[in-house]
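Accompanying notes for the structure given below.
The values are calculated or read from the model by the stated rules, or taken from the named source; none is laboratory data. Being a predicted model, the structure only gives us computed values, none of them experimental. Cβ placement follows ideal geometry from the backbone for every residue including glycine, while neighbour counts extend to all protein chains displayed. Accessible surface is based on the protein model in full, side chains and every heavy atom, while ligands, DNA and RNA are left aside. Shrake-Rupley method; radii C 1.70, N 1.55, O 1.52, S 1.80 Å.
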Amino acid sequence: MTNRKSWSRKELMIAMNLYCKLPFGQLHYKTPLIIAVAQKLERTPSSLAMKLTNFASLDPELQSRGIKGLKGASKADQAMWTEFNRDWERLGCESEEQLDLLLGAASEKLLLNDPAPLSATKSTESIANVKVRIGQKFFRQTILTNYYGRCCITGNPIPELLVASHILPWNKYPEHRLNPHNGLCLSKTQDAAFDQGLITIDSSYRIVLSSYLKQYLSERTLDLNFGIYAGQEITHPEKFNPDLDFLKYHREEIFID
């Protein structure tokens, strides 16, 4: 093995996939997922970790918080970063396919203590359905890990009760289905309310309740699930903050004022 061999497009896709899912504090050579992937790529964990921190140096959200990655990102790194951000639907799915081929189901165990992963695809499924499911896995893992495995409203940490929720509707905006800026980690109750427009998030990332929902806040269960969080700012993800334009669409087109 050598650290100096060129990185192939497939390797860069896998590395970017890992960057999307791993917290900045885990971009080091001792992280189990980095070790496992590096072994399969016949690279050292240190070289893979360095590649991930090169991607971190290109992330404007980390830069805005004063977090810097390693300098020296290559033109290929920059091109892969740009390609992902321009086409999450295609690159998210392709990179997840490559990671699955490399590690199989082991990636889920190494990444997140999530006993409710998407079930394995079956050979009888159509290619289109398989790709959708692979894409959904990329989106779920990216959203849950970046929100620290907790609902961004309630703090619920139980994986079986968490949803990688879309801000822009999944069926209307296929180009943003895998865009992590279009995701929120929500408990199932909060996800259902958000989807139905009973709650929304304002331009300051604060939770807003619909007038319809407020009618039921005298009910203790509704107050505990929604009332106590009104006006509270959501917990922000480490990377991929919710897009403000996407949230504006939700307020204007879906929210029941």
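Observations on the model:
- Listed by first and then second residue, the pairs linking a residue in segment 26-45 that is in contact (Cβ under 8 Å) with a residue 12 or more places away in the chain to a residue that is of a type in the set (S, T, N, Q), with Cβ atoms under 6 Å apart and 6 or more places separating them unless they lie on different chains, are LEU27/THR53; TYR29/SER46.
- Residue in segment 63-72 that is modelled with pLDDT of 95 or more, surrounded by 14 or more Cβ atoms within 10 Å (Cβ to Cβ) and either out of contact with any Leu (no Cβ under 8 Å at 6 or more places or on another chain) or not in a helix (DSSP H, G or I) (or both) present: no
- Residue match in segment 35-54 (condition: part of a loop (DSSP other than H, G, I, E, B), more than 21 Å from PHE139 (Cβ to Cβ) and open to solvent by less than 10 Å² (accessible area, probe 1.4 Å)): yes
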